[in-house]
Amino acid sequence: MTTDVIMPKLGLTMKEGTIIEWTKKEGDRVEKGEPIVEVETEKISNVVEAPASGILLKIFALKGSVVPVTEVIAVIGEPGEEVTTRVVQKVEQLKIEEEVENVGAIERPTSEQMIGEKIRISPLAKKLAEERGVDITKIKGTGPEGRIVKEDILNSAEATAAPTTQRSAEGVEISETIAMSGTRKTIADRLSHSYHSAVHATVMTEVDMSKAVELRQKLLSEVKEKTGASLTYTGILVKAVAMALKNHCLVNSTLEGDTIKVLKSINVGVAVDAEGGLIVPVIHDADKKTLSETAPLLTKLVDKARKKSLSMEEVSSGTFTITNLGMLGVHTFIPIINPPQAAILGAGSMDKKPAVIEGKIEVRTRMNLSLVYDHRIVDGAEAARFLQTLKEKIENPSTLLEKA
């Protein structure tokens, strides 16, 4: 009896997933619980394990396919078992999404032998042929009804020739084309939605980090010995932000329709630069965690983000986001709100600067902070008060040692 492999529902809001890579191919033996395919949602990448042991009889969703949750993406069984008609229909439908979606018929060059004939070719094969300068009128398709598919183009003699020069709409030569798909497409869609829906406004301040530097140095060995993790400035920021949010609840809210909903939990997300784009793992109940508890959790989440092994829970339910570009030498920047949150904090580099302290010029470590907020939810004065509270917490970090 065959077993269906389905696109899993990895979170309450997940509607579809993208096939990133199959680790097994058709005909391979698989064992129950063995990873066989990597899928990507709008938030994370995850592996799907084989639901049964047997032979991977048929793969329905090719790499790059976007598949609704619970749809069949493959079938596992024993040699000789038939794949049912019901499943085959799903297979063809899913394959079309990758290889033959919106297939059009391209007219052949007019000739006595070719009048009325048309070339059937998938969009992917057509694009590949254009890039490689392959004459599709000389290609015999091996797909359904003689349709030319990408393998036909790749296997053609002309495909080995140097690709034709591609140019942009303005006539500039192109060195590389990168498809807006997977994580990058999700990021683009979410940021476009945020930018065109939320009313972005920004307040900035400069913070004296001198005492925070002293606190970190004082706790560094203690936290390392206790947890095995390093206490970072981002970890200190997470704690300071969480405490400031307790005093300014409106910044920790969301807008649903015409209703502002103030959120009870304070879950601070931290933007991580991972392969393929930013991902934001979340420290849940950050206000209730000590610095010693925050440090190892942050280290773990950042490591998992870069390995693409975060769980859905670890990237869900964020109520506020911190993005830190200081390590890249950026002094000040204005980030875009992570929807549906009300605000995001941008942290710049820590630099030694002259500062006037009690009438005297001293060299102090300073850092710029930018709070971008949704002006539909938060007024400028309240945003400024939040930033003022955050500044006080950081410049007097002994308060960060207090328990919730």
Tell me, what is the FRET efficiency for D28 and I187 to the nearest 0.05, using R0 = 25 angstrom and their Cβ-Cβ distance as r?
0.15
extent check for segment 184-401: Cα max minus min per principal axis, descending, whole Å, gives 50, 39, 31
Counting sequence-distant residues (5 or more places) and residues on other chains, those with an amide H built under 5 Å from that of R376 are V199
If you plug each phi of segment 136-152 into the Karplus form 6.51 cos²θ - 1.76 cosθ + 1.60 with θ = phi - 60°, what whole-Hz ³J(HN,Hα) values come out, in order, with x for Gly and Pro?
6, 6, 9, 9, 9, x, 10, x, x, 6, x, 5, 7, 10, 4, 4, 5
Taking 0.36 nm per intervening residue step and subtracting the Cα-Cα distance, what contour gain separates E176 from L154 on full extension?
6.1 nm
Please rank T227, T23, T259, T18, fewest neighbouring Cβ atoms within 10 Å first, as an exposure proxy.
T259, T23, T227, T18
Give me the distance in nm between label points sitting 7 Å out from Cα along the Cα-to-Cβ direction at L220 and K288, one decimal.
3.2
GluC sites (Glu not before Pro) within segment 335-394: DSSP coil, no more than 15 neighbouring Cβ in 10 Å:
E358
Note down the net charge around V39, summing +1 for each Lys or Arg and -1 for each Asp or Glu among other residues with Cβ under 10 Å from its Cβ.
-4
Over 28 Å between Cα atoms: which of K224/K393; K9/K226; K9/K185; K264/K352 fall into that group?
K9/K226; K264/K352
Can you tally the net charge around R364? Count Lys and Arg as +1, Asp and Glu as -1, for every other residue whose Cβ sits under 13 Å from the Cβ of R364.
-2
Under the Karplus curve 6.51 cos²θ - 1.76 cosθ + 1.60, θ = phi - 60°, whole-Hz ³J(HN,Hα) for segment 349-357, x wherever Gly or Pro sits
6, 9, 10, 7, 9, x, 9, 8, 10
Using the 10 angstrom Cβ neighbour count as an exposure proxy, how do Y373, Y195 rank, fewest first?
Y195, Y373
Given 128-138, 206-216, the highest-first ranking by average Cβ count within 10 Å works out to 206-216, 128-138
Tell me which lysines have Cα within less than 17 Å of K140's Cα, excluding those fewer than 8 residues away on the same chain?
K118, K126, K127, K150
Env charge @ G77, Cβ radius under 12 Å, K,R +1 / D,E -1, value -3
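Every read-out reported here was derived from the displayed coordinates using simple, explicitly stated rules and does not represent laboratory data. Model, not experiment: these values are computed from the prediction. No Cβ is skipped: glycine too gets one built from the backbone with ideal geometry, and neighbour counts run over all protein chains shown.
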